Structure formats: C-alpha cells, structure tokens
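Peer 1: My questions will all concern the structure given below.
The values are calculated or read from the model by the stated rules, or taken from the named source; none is laboratory data. Every value quoted in this text rests on a predicted model; they were computed, and no experiment measured them. For neighbour counting, all protein chains shown are included, and Cβ atoms are generated from backbone atoms with ideal geometry for every residue, glycine included. SASA here: full protein model, heavy atoms, side chains in, ligands and nucleic acids out. Shrake-Rupley method; radii C 1.70, N 1.55, O 1.52, S 1.80 Å.
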Amino acid sequence: MIRFTVITITYNAEAVLQRTLDSVLHQTYEGVEHLIVDGASKDQTVTMVEQYKQLSDASDNGHKVIIQSEPDHGIYDAMNKGLTQVSGDYVVYMNAGDFFPQIDTLEQIVHHCRLNEYPAAERPGVLYGNTDIVDGEGRFLHHRRLQPPAQLTWRSFRQGMLVCHQAFYARTDIAKNLQYDTRYRFSADVDWCIRVMRETERMGLPLLNTQMVVANYTEEGATTKHHRASLIERFRVMASHYGWVQTFLLHCWFIVRSVINQDSVKSD
C-alpha cells in the first residue's frame, strides 16, 4: 500500500486546528501517517492533538499519529523537523486551518494516479492538484487564481507558484534530502518545491497532475500579513533559480497583467 505522510505545523492554533484534525481523521484511506509538529503552544493546541491521537488510535482507521511539541526557530525549521520523521511514500504539508475537500481525497489520488501500478523506483516524484480558498470558518470563497498546468516542470514556477504548497505531494526519498532553506522567512516553500521538481526531473521521474481539488486552503497566513516583504523575498527565490534578468522581466509583465485585469473588472 502507498502511504502518505501529512505534516501539520502548529503554534497556538486552537481556533482553526480542529477542522484539520477532523479532515485527516476521517480520510477513508488507511495508509496515513499524521505528524503534528508544534512549536510549544501556550493555548490548548497540544491538548487538542493529544485527544485527536487517542481518538484516531481508538478508531482503528489504520492511521498513525505522531506528536512533537517543542520550541522551534520558525515555521520552516518546524517543517524540517517534520521531514526527518517521515516514513510514508509521499509527504504533504497541511497547516492548521487547511483540510481535505473530501473524506476520500487520498483514496482518489491513489486511484486517479494509478500509484500501485508503478515499481517503487519509478513512482512519480511529485503529485499535484488544484486548491480551493476558504475563509477563517472553513467556508468556500473561490477557486485559487493560479491554476496548475497540465504538465508541471520546475520551470513552471517562473509564472508564479502555480501549485499551492498544500496541493504538492513530494516523494519522500526526494523530499528528505532537500531541507527547507531557513534563511527565508516567507518563501522557503517556493524554493523547496522548485528544488524538489528539479531533482525529480534529474532522476527522470514524472510529475503527475491529479486533475482534482486536493486541498482547501485558509487564505490568511504569514505571507498575507507580510505581503510586501513576502513579494520581495519571492523575487529573490525566483531569481536564484531562473536568473535576475528573466525574473525582472517576468515581474514587469505581472504588473502589466494586474493593471489589465483591474481595468477589465472595472469595465464589467
């Protein structure tokens, strides 16, 4: 059986965490490992996840829940801690407040991608899909503006992060060798995804589009709160992979496109 590891990073997340825990708990697919990496929360987060682990163990759903709570040096440091403990075949990050759109999402991914038909060494390096945006209460707002291409490559992110981090499933043997660069505060996930895709291409492995919505993403986050700093850092990340000149020209086009889209909305 293909196994998935879901990593959830938490810190004082009691207000939004329950829907994430419930979403993983109710996945019909049995091959699930859930790593919860907490940054020594001061609220009821740890109590919630301990109760969740007890409930999951008692349900005999085939899931394995692992909890770690200790101080960290930020979200990407916590993500690296999670990576060291992964035992599943694929790893995906689902942060507090995010959740699977269906109780059989993981089951559908395995079926649609025909994962059990691949020899272990030839399995896709990345599985990816669409994302829907939800509000703070978990209610649907809209489809994510950036949509994944039919065929993703590491060069695709020149057009922006076309695949949301929560919709990006990386093969574990690739992911564990590529730690998040903690020098970045907001965009280490973009850098990490690009590096995972580059390594996947180097190994001659496919990147498969699941052609389905695989994650519901809560809009508010660190990059939303620190939008300008996040954009500057993301420019640095893209320039490091695609070159300064190409990145600058692409960002000029992004600005022009944004103005055109705003004018179009006003005229409508």
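Peer 1: Report the label-to-label distance for T153 and H112 in nanometres (one decimal), using points 7 Å from each Cα along the Cα→Cβ vector.
Peer 2: 2.3
Peer 1: Something else: For the chain, what is the per residue volume of the convex hull drawn over the alpha-carbon atoms, in cubic angstrom?
Peer 2: So the per-residue hull volume is 130 Å³.
Peer 1: Please give the solvent-accessible surface of E122 in Å², to the nearest 10, using a probe radius of 1.4 Å with every protein chain present.
Peer 2: 110
Peer 1: So if each residue of separation counts as 0.36 nm, and I subtract the Cα-Cα distance between A15 and R145, what length gain in nm does that give?
Peer 2: Going from the current span to full extension adds 44.2 nm.
Peer 1: Given a 1.4 Å probe and the protein chains all in place, what does the accessible area of K64 round to, in Å² to the nearest 10?
Peer 2: Counting only protein heavy atoms, K64 exposes about 100 Å² to solvent.
Peer 1: Can I ask one more? Along the Cα→Cβ direction, 7 angstrom out, place labels at D22 and Q211. What is the inter-label distance in nm?
Peer 2: 3.2
Peer 1: Next question. Given R₀ = 30 Å, FRET efficiency for Q51-S87 by Cβ-Cβ distance, to 0.05?
Peer 2: E(calc), rounded to 0.05, equals 0.80.
Peer 1: Here's a follow-up. Place +1 on the Cβ of every Lys and Arg and -1 on the Cβ of every Asp and Glu in the chain, take the dipole about the Cα centre, and give the residue among C252, H112, V49 whose Cα lies farthest towards its positive end.
Peer 2: So the residue furthest toward the plus end is C252.
Peer 1: Could you please put M197, M48 in sequence from largest to smallest accessible area, using a 1.4 Å probe?
Peer 2: The residues order as M48, M197, largest area first.
Peer 1: At a 10 angstrom cut-off on C-beta neighbours, averaged per residue, how do the peptides 140-149, 125-134 rank from highest to lowest?
Peer 2: 125-134, 140-149
Peer 1: Related question: Taking every DSSP beta bridge that has both residues in the chain, what percent is antiparallel when rounded to the nearest 5?
Peer 2: Of all bridge pairs located within the chain, approximately 25 percent are antiparallel.
Peer 1: I66 versus A120, label points 7 Å from Cα toward the beta carbon: distance in nm?
Peer 2: Taking the simple label geometry, I66 and A120 are separated by 1.7 nm.
Peer 1: What's the magnitude of the charge dipole for the chain around its Cα centre, counting Lys and Arg as +1 and Asp and Glu as -1 at the beta-carbon? Answer in Debye, nearest 20.
Peer 2: Once rounded to the nearest 20, the dipole reads 1140 debye.
Peer 1: Let me spell out the model: positive unit charges on the Cβ of Lys and Arg, negative unit charges on the Cβ of Asp and Glu, origin at the Cα centre of the range 86-200. What dipole size does that give, in debye rounded to 20?
Peer 2: In total the dipole reaches around 520 debye.
Peer 1: If you don't mind, another one. Could you work out how much longer the chain between M1 and H226 gets when fully extended? Use 0.36 nm per residue separation minus the Cα distance between them, nm to one decimal.
Peer 2: My answer for the length gained is 76.9 nm.
Peer 1: Could you please state, rounded to a whole Å, how far the C-alpha centre of the range 32-51 is from the C-alpha centre of the range 157-230?
Peer 2: 23
Peer 1: While we're on this one: In sequence order, what are the phi-derived ³J(HN,Hα) couplings for the range 84-96 according to the Karplus relation 6.51 cos²θ - 1.76 cosθ + 1.60 with θ = phi - 60°, rounded to whole Hz, with x for glycine and proline?
Peer 2: Running phi through 6.51 cos²θ - 1.76 cosθ + 1.60 with θ = phi - 60° gives 5, 9, 5, 10, x, 7, 10, 10, 9, 9, 10, 7, 4 Hz.
Peer 1: How much length, in nm to one decimal, is gained on full extension between E30 and R198, taken as 0.36 nm per residue of separation minus their Cα-Cα distance?
Peer 2: Contour length minus Cα-Cα distance gives 57.4 nm.
Peer 1: Hey, another quick one. Can you order the peptides 1-10, 26-35 by their average number of other Cβ atoms within 10 Å per residue, highest first?
Peer 2: Ranking the peptides 1-10, 26-35 by packing returns 1-10, 26-35.
Peer 1: For M203, what accessible area in Å² do you get when you roll a 1.4 Å probe over the heavy atoms of the protein chains, rounding to the nearest 10?
Peer 2: Spelled out: M203, probe radius 1.4 Å, area about 80 Å².
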